[in-house]
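Notes follow the structure.
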Amino acid sequence: MQEVSIFGEVLFDCFPSGEKVLGGAPFNVAWHLQAFGQRPCFISRVGSDDEGERIRRAMQGWGMRTDLLQTDAQRSTGEVRVSLHEGEPSYDIVEPAAYDFIDGQSLGDLPCKLLYHGSLCLRNEQSSAALDQLRSSGHQTIFMDVNLRSPWWHSDKVLEWVGQADWVKLNEAEFALLHGTTADLSASAQGFLHQYGLQGVVVTRGERGAILISAELPPLTVAPVKALRVVDTVGAGDAFSSVLLLGLNLDWPMQETLERAQSFASALVGQRGATVGDAAFYRPFLETWGLA
């Protein structure tokens, strides 16, 4: 049985300078899991273009599987066009993109212990149908990483996907958009968990850390170290998700998983970008966590 399958978008963030940075939340999660020795099955779709080939080469260079990275002859590899207005970035997530058209019929039967997916690539019916097919393949646990990107989400649809998941991770602002604001986040998250029949909910809170609510444990919390060096926060949530998945896959205790996820996310914000191409960055975590 394949241990972890990651389903969703891979794309380039395109800046006014002409720089193109490889990313996409599911891709970032898969990249980190590969560094942690998990060899995830990454399921996505790229165009028959230079950008698609660049993604394939990057994955091969990192040792990742590419057998389920589909190629689309009609649509281009995904892009997010980043523009700056008075120093503030805005984002245009180009549509359609190759990852909107993941072909479920070519996936076959892929049962695994964990299936991770986001919400952005489900904006198109074809990729959404492909995920439905994967869900029916016998996965033990489905982990949904909420990424609300306007205008590509509708609360009714996102909450439908939440109801089909076992674990859900989202940030505090996304939680408020989907479930409302409250003075007692822990109680509200517990209500969310019971309403949708989830095993666990993780709400990240930026510099205030995160809270984890599960069906079997009291609320768990974690906070980042105060002397944190921040270069940028791009991909911090994806780094957090990757270690949550790692802990679920390796059956780590929940508090330990939460603390390790926060530790890794705190280290990543000291780097430029959402992924790190130097294996030495991951080595201290591998050694500390007994994975070396």
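The values are calculated or read from the model by the stated rules, or taken from the named source; none is laboratory data. Being a predicted model, the structure only gives us computed values, none of them experimental. We place every Cβ from the backbone using ideal geometry, glycine too, and count neighbours over all the protein chains shown. Just so you know, the surface numbers come from the protein's heavy atoms only, side chains and all, with ligands and any DNA or RNA stripped out. Shrake-Rupley method; radii C 1.70, N 1.55, O 1.52, S 1.80 Å.
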Ignoring everything but the protein chains, give the 1.4 Å probe accessible area of Tyr116 in square angstrom, nearest 10.
0 Å²
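In the chain, which helices (entire DSSP H runs) extend 24 Å or more along their own long axis, judged by Cα positions, while averaging at least 1.6 on the Kyte-Doolittle scale?
Values: long enough: none.
Taking the DSSP H segments of the chain (at least 24 Å long, mean hydropathy at least 1.6), we get none.
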What does the net charge come to around Ile93 if you take all other residues with beta carbon closer than 11 Å to its beta carbon, with K and R at +1 and D and E at -1?
-3
For segment 193-250, projected area of the alpha-carbon convex hull averaged over all directions, nm²
5.0 nm²
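Among the GluC sites (Glu not before Pro) in segment 209-262, which ones are in a DSSP loop with at most 13 other Cβ atoms within 10 Å of the Cβ? Mind listing them? It would help to have the intermediate numbers written out before the result.
Working: sites: Glu216, Glu256, Glu259; in loops: Glu216.
Sparse-neighbourhood loop GluC sites (Glu not before Pro): Glu216.
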Gaussian network model of the chain, Cα springs within a sub-10 Å range: biggest mean-square fluctuation belongs to which of His117, His179, His85?
His85
Out of the total accessible area of segment 1-129 (probe 1.4 Å, heavy atoms of protein only), what percent is carbon and sulfur?
44 percent
Mind ranking 149-161, 12-24, 203-215 by how tightly packed they are, going by the mean number of other C-beta atoms within 10 angstrom, highest first?
203-215, 12-24, 149-161
What are the equivalent ellipsoid semi-axes of segment 130-225, built from the alpha-carbon gyration tensor (square roots of five times its eigenvalues), in whole angstrom, biggest first?
22, 16, 13
Within the set Ala279, Ala165, Ala129, GNM on the chain using Cα springs under 10 Å gives the largest fluctuation to Ala279
Running a GNM on the chain with Cα contacts under 10 Å, which residue among Phe36, Phe281, Phe27 ends up with the highest mean-square fluctuation?
Phe281
How large a share of the accessible area of segment 173-223, in percent, is made up of carbon and sulfur atoms when the probe is 1.4 Å and the other protein chains stay in place?
50 percent
Measure of exposure for Thr71: accessible area at 1.4 Å probe, Å² rounded to 10, is 70 Å²
Rolling a 1.4 Å sphere over the protein heavy atoms, what is the accessible area per residue of the chain, to the nearest Å²?
44 Å²
Which order do Asp67, Asp145, Asp50 take by accessible area at a 1.4 Å probe, largest first?
Asp50, Asp67, Asp145
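Given the alpha-carbon gyration tensor of segment 24-103, what are the semi-axes of its equivalent ellipsoid in whole angstrom, ordered largest first, with each equal to the square root of 5 times an eigenvalue?
24, 17, 10
Of Leu177, Leu185, which has the most accessible area and how do the rest follow, probe 1.4 Å?
Largest to smallest exposure gives the sequence Leu177, Leu185.
If a/c stays under 1.5 just call it rounded; otherwise compare a/b with b/c (prolate if a/b is bigger, oblate if not). Do that for segment 68-215, with a ≥ b ≥ c from the square roots of the Cα gyration tensor eigenvalues. Could you put the intermediate results ahead of the total?
Working: a/c = 2.34, a/b = 1.17, b/c = 2.00.
Oblate, because a/c is 1.5 or more while a/b does not exceed b/c.
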At what distance in angstrom do the alpha carbon centres of segment 176-237 and segment 1-41 lie from each other?
23 Å
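Rounded to the nearest 5, what is the percent of antiparallel bridges among the DSSP beta bridges in the chain?
Details: 18 of 46 bridges.
Bridges in the chain are about 40 percent antiparallel.
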